[in-house]
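See below for the structure under consideration.
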Protein chains: 2
Amino acid sequence: MATIKDVARVAGVSTATVSRVVHNGGQVGDACRARVKKVIAELGYRPNTNARALVSKKSDTLGVVTPRLSMTFFGTLAAGVENAARENSYKLLMSNSLYETETELEAIESLREHSCNAIILHSEYSDEKTLQELARQVPGLVLINRFLPSMANRCVWLDNVAGGKKITEYLIERGHKQFAVVTSVYQNNDPQSRLTGVKEALKNAGLKMPANNIVESTANMRGGEEAVQELLKRGAKFTAVVAYNDLMAVGAMNALQDAGIRVPEDVSVVGFDDLYITRACRPKLTTMSYPIEEMANYAAKLAIDLSTNPSNVQNRTHLFMPELIERNSVADIS
Amino acid sequence: MATIKDVARVAGVSTATVSRVVHNGGQVGDACRARVKKVIAELGYRPNTNARALVSKKSDTLGVVTPRLSMTFFGTLAAGVENAARENSYKLLMSNSLYETETELEAIESLREHSCNAIILHSEYSDEKTLQELARQVPGLVLINRFLPSMANRCVWLDNVAGGKKITEYLIERGHKQFAVVTSVYQNNDPQSRLTGVKEALKNAGLKMPANNIVESTANMRGGEEAVQELLKRGAKFTAVVAYNDLMAVGAMNALQDAGIRVPEDVSVVGFDDLYITRACRPKLTTMSYPIEEMANYAAKLAIDLSTNPSNVQNRTHLFMPELIERNSVADIS
DNA sequence: TTGAAAGCGCTAACAA
DNA sequence: TTGTTAGCGCTTTCAA
């Protein structure tokens, strides 16, 4: 691979001039610039990223840490980041944290060794103190899907409470009065927040939900199935089930149907996230959107901005709203 | 961040010694080694990756180029690579090629600028010549999901012909005689290969399939639906439909059911890939596994090995076999 | 407008 | 066993 020296030699200029041309620095004569550009093209010269990062202490690289890339949700997140990265000619450095604080911290350290100073972190575990300290050291660190009041302006997150509330109100409008909730023991606050939203909506409408009608399980299809089986075993009465996410909702629908209960004729089911799967199941699932790709894109731009220009931190947080996606898993009962 | 010089100064040794300790090079006295290690820990020293890459011309970074990270399939691929990367203390550099040759080539160039000499490439478009030349220049380049005879030993791929054949034989064993195929106009050879397998199995069993019973469409759910609608419009007769992939199969099932045709009682449906979705749809889909995570893991190890030790290229290719996954979308008709 | 030169943090040949 | 030294390819200040 041609180096800057090769270009300088062939073009008969100094390496400093080549560097200026590469960076579109204004201070180069037209003739000279043209000549250098020509040589660059001829030699197929491309600057060595590592050398550049070494001296400039930044690498035009965006680091992303998520729990597990193989999960659709995080793949989509990564895609959103990738998009923003490409638009800004940044590269993408990825790590899985595997839901472990230690791996997560290690990943971030390793990112820093790469002079990667724009970082998107989907952290579930690490405590607030650690994160605050990290944020202080890395101005381009942005948290996604988590809200920490002490660093609100570095958080890009979704209003889960509003989401839970909205979809419950939708169900109430359609005449539902007896609810069941299939929630999860997930590591972060999301299940709790969504449940809070559900309860708020119920309360506002003067509706009661027996504690018996809330079941906790793992946040996947199997968990949704088991939760409904438990509900049925308990003899709970309900015409609508609000699931923590789409995966659990699909599991719930399957368990319902297996028990000879029709969806949505007998019982309506709603999810949350709007994964691809919502269009594959039958009936198609009514759910709340989680614009994670858009959010990730936004977070990436924010991270790049902050890493370039730390003083741009504004005194505000970055909150996204989920939206209702109507499909066929909810029936009117009037 | 502490540098190697800081460590050397505090420990009262030269930077060369520190470097040796960091690399576990044997040639250091025990006392000296212990002292240096202590200082490293105290200072929280971590070697700068860029400086290291600059001088050693390698970066302990694994590059991955796939069409689009947000698609489950590629997310899973990336996860397999990530796993191998972590095990070898490699970092992961990701790029989307967006199904475009130019972006793909650009991504690879950019990877090389990073001194990233182990590369996993899922390429659909780039022509053989280009790829061959690339492979010559980058000993650690491995192709995944594509077979190029001229560089067979650098290809990690799946036997799609065998897959198509196997699942068709399974259907034949269950008494099916009238087949329909929902295939795709996908950019690579996979649809063609799978179709070849289907035809082989049919031929071996002395079965005929009218040309009318093969419909081509896009490789997603919508495509599967449309294909079945077309089949129905043509008045094609069949008891089994073999879809190019799971997405099309789910679409096919939906279209069938919408038309009042029961799956699998009236018509059996099979897919390919074994995506998560196969467990969400009703009935659960019988399909062929595509062990992409395992393959990606293997490919990553191969790439790392070859980049470290180019002479390890063996005169063989790396072929994986799909396996039948029995679920509930196929009925016996006897 | 252009060039000379120092140095980013590290590795590795060579010397001691 | 340990240190000295010369770069790796690039940016950037300072001087011309």
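Under 8 Å between Cβ atoms, at least 6 apart or on separate chains: pull out the pairs that start in segment A:28-48 with a residue that is under 28 Å from B:S115 (Cα atoms) and end on any residue that is away from DNA strand D (no atom under 14 Å from the Cβ).
Here the result reads A:R35/A:G12, each pair linking segment A:28-48 to a residue that is away from DNA strand D (no atom under 14 Å from the Cβ).
Here are some residues: B:A236, B:A280, B:A255. Which one is at pLDDT 95 or above and either buried (at least 24 other Cβ atoms within 10 Å of the Cβ) or within 14 Å of another protein chain (Cβ to nearest Cβ) (or both)?
None of the other options fit; the residue is B:A255.
Having 1 or more residues that are touching an Asp or Glu at 6+ places or on another chain (Cβ under 6 Å) and open to solvent by 10 Å² or more (accessible area, probe 1.4 Å) is the bar; report the helices (runs of 4 or more DSSP H) wholly within segment B:89-202 that clear it. Step through it out loud before you land on a result.
On the way: elements: B:101-113, B:128-137, B:160-173.
Hits in segment B:89-202: B:160-173.
Hey, among the residues in segment B:283-326 that are under 19 Å from B:G75 (Cβ atoms) and among the hydroxyl-bearing types (S, T, Y), which one's least open to solvent (accessible area, probe 1.4 Å)?
So the residue we want is B:T287.
How about segment B:1-37: which of its residues are open to solvent by 50 Å² or more (accessible area, probe 1.4 Å) and touching a Leu at 6+ places or on another chain (Cβ under 8 Å)?
Of everything in segment B:1-37, just one residue is open to solvent by 50 Å² or more (accessible area, probe 1.4 Å) and touching a Leu at 6+ places or on another chain (Cβ under 8 Å), namely B:V10.
Out of the residues in segment B:1-47 meeting the condition of being among the hydroxyl-bearing types (S, T, Y) and within 14 Å of chain A (Cβ to nearest Cβ), tell me which one is nearest to DNA strand D (Cβ to nearest atom).
Within segment B:1-47, the first condition is being among the hydroxyl-bearing types (S, T, Y), and the residues that meet it are B:3, B:14-15, B:17, B:19, B:45.
Filter again for within 14 Å of chain A (Cβ to nearest Cβ), leaving B:3, B:45.
Details: B:T3: 12, B:Y45: 16 Å.
Only one residue tops the list, namely B:T3.
Which one of A:N213, A:N188 is touching a Lys or Arg at 6+ places or on another chain (Cβ under 7 Å) and in the same structural domain as A:V241 (by TED's automatic domain parsing)?
Working: A:N213 fails: touching a Lys or Arg at 6+ places or on another chain (Cβ under 7 Å).
Answer to the check: A:N188.
Conditions: (1) under 19 Å from the mean Cα position of the chain (by Cα); (2) within 13 Å of chain A (Cβ to nearest Cβ). B:Y244 meets all but one. Number of the miss?
So the condition that B:Y244 fails would be (2).
So, in segment A:203-228, how many residues would count as being open to solvent by 40 Å² or more (accessible area, probe 1.4 Å), more than 19 Å from A:L324 (Cβ to Cβ) and assigned to a helix (DSSP H, G or I)?
The qualifying residues number 5.
Each row is one residue, and each column tells you yes or no for (1) away from chain A (no Cβ under 14 Å); (2) under 29 Å from B:S217 (Cα atoms); (3) among the β-branched types (V, I, T).
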residue	(1), (2), (3)
B:A118	yes, no, no
B:D127	yes, yes, no
B:N160	yes, yes, no
B:T168	yes, yes, yes
B:E173	yes, yes, no
B:A180	yes, yes, no
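What residue, among those in segment A:61-88 that are of a type in the set (G, A, S) and either more than 10 Å from every other protein chain (Cβ to nearest Cβ) or over 23 Å from B:R112 (Cα atoms) (or both), is most open to solvent (accessible area, probe 1.4 Å)? It would help to see each step written out before you state the result.
The first filter runs over segment A:61-88 and keeps only residues of a type in the set (G, A, S), leaving A:63, A:70, A:75, A:78-80, A:84-85.
When the remaining residues are screened for being either more than 10 Å from every other protein chain (Cβ to nearest Cβ) or over 23 Å from B:R112 (Cα atoms) (or both), the result is A:70, A:75, A:80, A:84.
Working: A:S70: 30, A:G75: 2, A:G80: 1, A:A84: 0 Å².
Step by step, filter segment A:61-88, then rank; the result is A:S70.
Taking B:N50 and the conditions (1) within 16 Å of DNA strand D (Cβ to nearest atom); (2) away from every other protein chain (no Cβ under 11 Å); (3) at negative phi, which numbered condition does it fall short on, given that it satisfies the others?
(2)
The rows are residues; the columns are (1) within 16 Å of DNA strand C (Cβ to nearest atom); (2) more than 22 Å from B:L158 (Cα to Cα).
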position	(1), (2)
B:S19	yes, yes
B:R52	yes, yes
B:G63	no, no
B:T72	no, no
B:E82	no, no
B:N88	no, yes
B:K91	yes, yes
B:S95	no, yes
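Go through segment A:2-17 and count every residue that is more than 6 Å from DNA strand C (Cβ to nearest atom) and out of contact with any Lys or Arg (no Cβ under 7 Å at 6 or more places or on another chain). Explain how you work it out, then say what you get.
Step one: filter segment A:2-17 for residues more than 6 Å from DNA strand C (Cβ to nearest atom), giving A:2-12.
Add one more test, that the residue is out of contact with any Lys or Arg (no Cβ under 7 Å at 6 or more places or on another chain), and what stays is A:2-10, A:12.
Total meeting the criteria: 10.
All but one of (1) within 10 Å of chain B (Cβ to nearest Cβ); (2) in contact with a helix residue (DSSP H, G or I) (Cβ under 9 Å, 6 or more places away or on another chain); (3) under 17 Å from A:T239 (Cβ atoms) hold for A:G271, so report the exception by its number.
That leaves (1) as the condition not met.
Which one of B:L69, B:L62 is in contact with a strand residue (DSSP E or B) (Cβ under 8 Å, 6 or more places away or on another chain), in a loop (DSSP other than H, G, I, E, B) and either near DNA strand D (Cβ under 8 Å from one of its atoms) or not charged (D, E, K, R) (or both)?
Working: B:L62 fails: in a loop (DSSP other than H, G, I, E, B).
After applying the criteria, what remains is B:L69.
Can you say whether B:L195 is over 30 Å from B:V64 (Cα atoms) and hydrophobic (A, V, I, L, M, F, W, C), as far as the supplied structure shows? Reasoning before the result, please.
Details: over 30 Å from B:V64 (Cα atoms): no; hydrophobic (A, V, I, L, M, F, W, C): yes.
Taking the combined requirement at face value, the residue does not satisfy it.
The values are calculated or read from the model by the stated rules, or taken from the named source; none is laboratory data. Note that the structure is predicted; figures quoted are calculated from it, not measured. Using ideal geometry, Cβ is built from the backbone for each residue, glycine included, and neighbour counts are taken over all protein chains shown. Each accessible area value is taken on the protein alone, full model and side chains, heavy atoms only, with ligands, DNA and RNA left out. Shrake-Rupley method; radii C 1.70, N 1.55, O 1.52, S 1.80 Å.
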